[in-house]
Structure formats: C-alpha cells, structure tokens
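Below you'll find the structure, written out as structure tokens, and then a few comments.
What follows is calculated from the coordinates using simple rules that are stated; it is not laboratory data. What you see is a predicted model; the values in this text were computed from it and never measured.
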Amino acid sequence: MLFTSGLLMLLLFGSYSANTSLFSHKHIVDGIIVIHSHFYSGSADNPQHNHTSQQFSTISALSLFVSLAAGMVLFSFVVSRISHKIETIYLSHVEQSESLYISLRAPPVLC
C-alpha cells in the first residue's frame, strides 16, 4: 500500500510538472493576462483556442483541487511516516521495560 501510494504521488507530480512546463500559455481577456496550462494545439503565443469566463473558473477550480489534493496526500504520507516512527520507538521502549518488570506487591509475611 505504501509503495502504491508512493508511485501514485510520483505519477501525479510528474504529470502535473509536465503539464505546467510543457503546455503553459496565456490569454488576454478584457485587458487582463490569464496564464494557465492544459493540453492544446498551437504555440504558446497563439494557442488557437479561447475560453469563456466559466471555463476560466473551472480551470482555476481544478488547478486548486489538484494542488490541494497533492498537498493533502503528501501531508498524510509524512504524518503516517512520523507516526510509524513514534510507534516503533514507543514499542521498543515498552519491550525493554517489560524485561525489567518491577512488582509493587509486598513480600510475604511469616508469622
């Protein structure tokens, strides 16, 4: 499971990096330059397509979702690794302390 999640993280990071570096382009909408990335035909200066304002909103929301999802997966991976280390250290200390068991029972009394 850990290996699979690592591969999925690597795939997600690789595809996101490839998309942002290879397919970045700009549009000028109402005098505002909007730079984003997705698969398209044409050059970066002339992407040969247009977007509506709803499509820009969708692209923005999807970019935010992918970024947050990648961050959450990375955060959960780091937290699980740290908690595993803490649990391993705790269990090793518990095993050591069990071998040095000290009883709180009083010694028997002979009358």
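Structure summary
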| read-out | value |
| --- | --- |
| Rule-of-thumb Rg ratio for the stretch 2-90 [Cα; 2.2 N^0.38 Å; N residues] | 1.50 |
| Vicinal HN-Hα couplings computed from phi for the stretch 21-29 (Karplus, 6.51 cos²θ - 1.76 cosθ + 1.60; Hz; Gly/Pro x) | 8, 9, 10, 6, 8, 10, 10, 10, 10 |
